[in-house]
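Data block below; observations after.
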Amino acid sequence: MRLLLISNSTNAGEAYLDYPKHNIDKFLGKVRKVMFVPYAAVTFGFDDYQAKVAAVLGPLGIEVDSVHRYADHAAAIRSAEAVMVGGGNTFRLVKMMHDNGLMAAIRDKVAEGAPYIGWSAGSNVTCPTLCTTNDMPIVEPISFKTLGLIPFQINPHYIDTHPEGHAGETRQQRILEYLAANRGMCVAGLREGCMLSVEDGKISLIGNRPLTLFRYGVPDKDYTSADDLSFLLG
């Protein structure tokens, strides 16, 4: 299983996909064509989403195809060399993945060794469920269950600051609520500018910011890119 799970597409003040594009290129290796899943787009079209990603990866020699170009989206995944799932609204993404048969198709493809790349919502769906997304439930999927490629949850765009004057819950409080209801799970708070690489049964953090790991009844713990995170794969 080969996964590259990116927290966010764009760092503040940078161009779209600028910080992870070389990691994506290196991760794909000799694979030069990806099948893109644009379902998380809501306020712009799938053609536009594909074109936006292709504009960044094309100069690196990576061709970006998209499932929405095909009558059978699951068949498009089954014929792919690599799978790429973009960010946006996780509920919209999960609904369309269930509706179009992509959950099983992607699981099977990854099991065959095809590289999987996702960012934000695209990283969220590799978890057992979508329950640690930051998004509003703008649509209702048939199930909150997702790909289950990894046995833990990710909270992308994780931030531990609390704006002055803000009386609402912090991200940490929201995650602790999830853990109170799902006590056997753990949640990886993946900060922006960071990603998780899963290869050969090992998992590592890429980026200059720590990952915060949350477990029920256990103090939060930070890990850096120097730490071995393979224990998360259980």
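The values are calculated or read from the model by the stated rules, or taken from the named source; none is laboratory data. Predicted model, so just to flag it, every value in this text is computed and none were measured. When we count neighbours, we look across all protein chains shown, and the Cβ atoms used for this are built from the backbone with ideal geometry, even at glycine. Remember, those area values only see protein heavy atoms, side chains included, never the ligands or the DNA or RNA. Shrake-Rupley method; radii C 1.70, N 1.55, O 1.52, S 1.80 Å.
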Practice task
With a probe of 1.4 Å, find how much accessible area segment 80-234 has per residue, and write the answer as a whole number in Å².
Solution key: 46 Å²
Fill in the blank from the handout: Yeah, segment 41-80 with a ≥ b ≥ c from its alpha-carbon gyration tensor (a/c under 1.5 is rounded, else prolate when a/b outruns b/c, oblate otherwise) is oblate
Fill in the blank from the handout: The local net charge around Ile106, scoring Lys/Arg +1 and Asp/Glu -1 for residues other than Ile106 whose Cβ lies under 12 Å from its Cβ, equals +1
Handout entry: Residues of segment 74-104 with amide N under 19 Å of the 7 Å Cα→Cβ point at Glu112
Key = 74-85, 100-104
Exercise for the section: Determine the alpha carbon to alpha carbon distance for each of Lys145/Lys221; Lys33/Lys202; Lys30/Lys145; Lys52/Lys221 and list only those over 29 Å. Expected result: Lys30/Lys145; Lys52/Lys221
Handout entry: Value of [θ]222 nm, deg cm²/dmol, for the chain, DSSP H segments ≥ 4, -39500 (n - 2.57) each, nearest 500
Key = -7500 deg cm²/dmol
Exercise for the section: Can you pull the one-decimal nm distance between simple spin-label points at Leu60 and Ala104, each 7 Å off the Cα toward Cβ? Expected result: 3.3 nm
Fill in the blank from the handout: To the nearest 0.05, the calculated FRET efficiency linking Asp222 and Arg174 through their beta-carbon distance, R0 being 25 Å, is 0.85
Practice task
Measure off 7 Å from each Cα along the Cα-to-Cβ vector at Lys145 and Asp48, then give the distance between these two points in nanometres to one decimal.
Solution key: 3.5 nm
Fill in the blank from the handout: With every protein chain in place, the accessible area of Ser143 for a 1.4 Å probe, in Å² rounded to the nearest 10, comes to 30 Å²
Handout entry: Largest to smallest accessible area among Tyr223, Tyr216 [probe 1.4 Å]
Key = Tyr216, Tyr223
Practice task
Extending each Cα 7 Å along its Cβ direction at Asn134 and Glu164, get the distance between those two points in nm, one decimal.
Solution key: 2.2 nm
Practice task
Take the solvent-accessible surface of the protein heavy atoms, probe 1.4 Å, and return the percent of it on the chain that carbon and sulfur atoms account for.
Solution key: 50 percent
Completion exercise
Of all DSSP beta bridges having both residues in the chain, the percent classed as antiparallel (nearest 5) is 50 percent
Handout entry: Local electrostatic count, Glu14, Cβ distance below 12 Å [Lys/Arg +1, Asp/Glu -1]
Key = -1
Problem - Shape call, segment 1-85: gyration tensor on alpha carbons, a/c limit 1.5 - result: oblate
